[in-house]
Structures are given as structure tokens and as C-alpha cells.
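Undergrad: I am attaching a structure below and will ask some questions about it afterwards.
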Amino acid sequence: MQVTQEVDSYRFLKGISRRMIKSWISLEKPRAIPWTPLGKPLDQCSVALISSAGLALATDKPFDQEVERQNPWFSDPSFRVIPRDTTAEDIRVYHLHINPDFIQQDINCALPVKRLVELEASGDIGCAAPSHYSFIGYTCQPERLLDESIPAIIGKLREETVDVVVLVPV
Amino acid sequence: MGLVQRQIEAAGFSTITLSNIPDLTAAVSVPRIAAIEYPFGLTAGLPGDDAGQRAALGATLAALQEMSTPGSVRHLPFALPEAMSDLNIHPPESPPIAKYIARHPWYLPNLLRREVPYQAAS
């Protein structure tokens, strides 16, 4: 029998970061949870990934890190498309709160596109979507992210007839 | 990420967040969580660990397929080995908000309450 211990949400949080996360959790109240049932078996589903690591193709417009340096409560609210065949050599990491070296070595640490394509090949999922997405997850002012970028991502998910979305925060 | 997940689920997609702070993700009432004890910047696995990354992503998708109740949380049996606990997960320079709070410690309560000071508004 495999025994799974509960994940410790605070293992990697120290000092003010730990206080901040505990406080932010205490600010939230339960609310109605949106629910879209899986309409068909996973092996018939198209799957897309979203990373909040601030990944952009080296050939794409960089995320503007100066936005956050000028106003540390905010960050560039835009998003980038990451095609399914993207490798670590193709991208740059713009999130200012993480060590970017690991993702810069292996994109699959944050956006496991290659693993998703393997799950397609093995028949575990129907297909890996053509496009995947990234934005910078840190902000205390998420309005523009939620009002502008996420609706645009949703439009692209619909265009590519995606069924399932796996979100990977950093 | 939880707010983003809610919005995408409400738009008609089945979603799951692979979270290393499941308590925070769950606090915003999201439909499905796969919890994993991997460090920041490495939520989906260690660099070069193809098998470990595949296991984590596969378990996340399997959890999504099996969950039938809004607010479900699956704790995945993967964690950073204790022997690797000294992995440097810190950015090359302090994040702007950390430098700002060091210079303006009286704004720490604002950060804890997630209340942006008026003069810092975007």
C-alpha cells in the first residue's frame, strides 16, 4: 500500500514569505467553485499547459521586468504563447522571484510540454495542444491579467478545441 | 494561479492546478488541485528527471480524470529528497517587493493584507 503524506505548503517558505502566504490564505472566504465535468475520457482529450513562470520564446517580445521594478506591487500582465515543440534553448525566463537556472536548463520543470507530448505518444491523453501559455504569476494587482490576458488565452484554447488545462504555478 | 484557474474552468474547460502551496490555491476555491512538495521554480519536477516529471504530470492528469467533486485535492507522492534540501531556489537578486519592503517596512502590513498603497497603484 502506498502511503501518501500531505504536502507541506510551507516547506519552501521562510520568513516574510511564509507570513505573507499565511496572511493571504486568512483573507480568503469560501465561495462557489466553478465546475466543468470532463466530457470524455482523457485519452480522447486535448490538453494545454499554463505556467506562471513568465516564459517567452527568445524570438518573442520579452516580458517587461521594468514594470515590476518601477512598481513592485505589480508586474507585466501580458502573456506569451509557447508552442508544443519548444525546448529550454528556445525560451527566456522573466519571473523575478525564482531561480531561473533550472527552467533555463529544462523547460519541463515549469511547463512540461515534452512530457505532455510523450503522454500523447503513449495514448494516455488524446493530444497535446499546439499552443501552451505563460505569464508572470506575481502581482498584487491581477485585474489586467484577469480582464485582458486570460480572456485572450481562453479564446485561443477554444480556437484549438482544448478540453483540459493543467496550470503550473512556480 | 487559483483565480486564473477559476476563470478558465468557468469558461468551459476542465482544469487542475499542480500546486506546491495547495493551502493557498485551495483558499480561493478552485475545482481541482494536485499537490506536490517540489520547490518554487521546479513545480513540475527536477531538471533532467524525465521519468519523475512524467510521473508527476501523469498523476496530475489521472487525478483530474478521477475527481468528481468541486474542491478536490490529491496529494501526490512526490517530494524533493531531504538530501537536496539545500538546492538554491533563490533568484539572483532580491525581488523588487522584498527590496521595497526593506526600504519601507511600514508597508509590510499592506503586503500582508494585499492592500496596495495608493501611491504604488499601477
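The values are calculated or read from the model by the stated rules, or taken from the named source; none is laboratory data. These numbers were taken from a predicted model, which means no experiment stands behind them. Cβ atoms come from the backbone with ideal geometry, glycine included; neighbour counts cover every protein chain shown.
Undergrad: Anything in the range B:67-89 that is farther than 30 Å from A:LEU42 by Cα, under 21 Å from the mean Cα position of the chain (by Cα) and loosely packed, with under 15 Cβ neighbours inside 10 Å? List them, or say none.
TA: B:PRO81, B:GLU82, B:MET84, B:SER85, B:ASP86, B:ASN88
Undergrad: Any residue at all in the range A:100-123 that is over 18 Å from B:ASP49 (Cβ atoms) and among the aromatic types (Phe, Trp, Tyr)?
TA: no
Undergrad: Conditions: (1) surrounded by 11 or more Cβ atoms within 10 Å (Cβ to Cβ); (2) more than 7 Å from chain B (Cβ to nearest Cβ). A:LYS14 meets all but one. Number of the miss?
TA: (1)
Undergrad: Same structure, new question: Among helices (runs of 4 or more DSSP H) lying entirely in the range B:1-94, which contain 2 or more residues that are more than 7 Å from every other protein chain (Cβ to nearest Cβ)?
TA: B:22-27, B:50-66
Undergrad: A further question follows. Contact list please: Cβ distance under 8 Å, first residue in the range A:16-42 and of a type in the set (Asp, Glu), second residue crowded, with 16+ Cβ neighbours inside 10 Å, pairs at least six apart or on different chains.
TA: Once the first residue is of a type in the set (Asp, Glu) and sits in the range A:16-42, its partners that are crowded, with 16+ Cβ neighbours inside 10 Å give A:GLU28/B:ALA27; A:GLU28/B:VAL28; A:GLU28/B:SER29.
Undergrad: Out of contact with any Lys or Arg (no Cβ under 7 Å at 6 or more places or on another chain) and modelled with pLDDT of 95 or more: is that true of A:SER17 in this structure?
TA: Spelling it out, it is not the case that A:SER17 is out of contact with any Lys or Arg (no Cβ under 7 Å at 6 or more places or on another chain) and modelled with pLDDT of 95 or more.
Undergrad: Given the options B:GLY41, B:GLY48, B:GLY58, name the one that is free of Cβ contacts under 8 Å to residues at least 12 places away in the same chain and under 25 Å from A:LEU96 (Cβ atoms).
TA: B:GLY48
Undergrad: Condition first: in a loop (DSSP other than H, G, I, E, B), under 30 Å from A:GLU118 (Cα atoms) and out of contact with any Gly (no Cβ under 6 Å at 6 or more places or on another chain). Now tell me which residues in the range A:60-95 satisfy that.
TA: Those that are in a loop (DSSP other than H, G, I, E, B), under 30 Å from A:GLU118 (Cα atoms) and out of contact with any Gly (no Cβ under 6 Å at 6 or more places or on another chain): A:ASP60, A:LYS61, A:PRO62, A:SER78, A:ARG84, A:ASP85, A:THR86, A:THR87.
Undergrad: Residues in the range A:158-170 that are more than 7 Å from chain B (Cβ to nearest Cβ) and assigned to a loop (DSSP other than H, G, I, E, B): how many?
TA: 2
For (1) away from chain B (no Cβ under 13 Å); (2) of a type outside the set (A, V, I, L, M), each residue gets a yes or a no:
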position	(1), (2)
A:TRP35	no, yes
A:ALA58	yes, no
A:GLU66	no, yes
A:GLN70	no, yes
A:ASP85	yes, yes
A:ARG92	yes, yes
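Undergrad: Mind listing just one residue for me: the one in the range B:49-93 that is modelled with pLDDT under 95 and polar (S, T, N, Q) and, of those, farthest from A:VAL93 (Cα to Cα)?
TA: B:SER85
Undergrad: Now for a separate question. Return the only residue of A:PHE63, A:PHE102 being hydrophobic (A, V, I, L, M, F, W, C) and free of Cβ contacts under 8 Å to residues at least 24 places away in the same chain.
TA: Answer to the check: A:PHE102.
Undergrad: Give me a count of the residues in the range A:47-83 that are surrounded by 18 or more Cβ atoms within 10 Å (Cβ to Cβ) and not aliphatic (A, V, I, L, M).
TA: Number satisfying all stated conditions: 15.
Undergrad: A follow-up question, please. Scan the range A:136-157 and tell me whether some residue there is more than 7 Å from every other protein chain (Cβ to nearest Cβ), part of a strand (DSSP E or B) and in contact (Cβ under 8 Å) with a residue 24 or more places away in the chain.
TA: The answer is yes, given that some residue of the range A:136-157 is more than 7 Å from every other protein chain (Cβ to nearest Cβ), part of a strand (DSSP E or B) and in contact (Cβ under 8 Å) with a residue 24 or more places away in the chain.
Undergrad: Out of the range A:43-60, which residues are of a type outside the set (A, V, I, L, M, F, W, C) and free of Cβ contacts under 8 Å to residues at least 60 places away in the same chain?
TA: A:THR59, A:ASP60
Undergrad: Here is a follow-up. From the list A:ILE50, A:ILE103, A:ILE25, pick out the single residue that is within 9 Å of chain B (Cβ to nearest Cβ), in contact with a Phe, Trp or Tyr (Cβ under 6 Å, 6 or more places away or on another chain), modelled with pLDDT of 95 or more and not in a loop (DSSP other than H, G, I, E, B).
TA: That would be A:ILE50, the only listed residue that is within 9 Å of chain B (Cβ to nearest Cβ), in contact with a Phe, Trp or Tyr (Cβ under 6 Å, 6 or more places away or on another chain), modelled with pLDDT of 95 or more and not in a loop (DSSP other than H, G, I, E, B).
Undergrad: Go over the candidates A:ASP106, A:ASP90 one by one and state the one that is in contact with a helix residue (DSSP H, G or I) (Cβ under 6 Å, 6 or more places away or on another chain), of a type in the set (D, E, K, R) and closer than 18 Å to A:ALA58 by Cα.
TA: A:ASP106
Undergrad: Of the conditions (1) in contact with an Asp or Glu (Cβ under 9 Å, 6 or more places away or on another chain); (2) of a type outside the set (Lys, Arg); (3) buried (at least 24 other Cβ atoms within 10 Å of the Cβ), A:ALA110 satisfies every one except a single condition; which number is it?
TA: Checking A:ALA110 against (1) in contact with an Asp or Glu (Cβ under 9 Å, 6 or more places away or on another chain); (2) of a type outside the set (Lys, Arg); (3) buried (at least 24 other Cβ atoms within 10 Å of the Cβ), the one that fails is (1).
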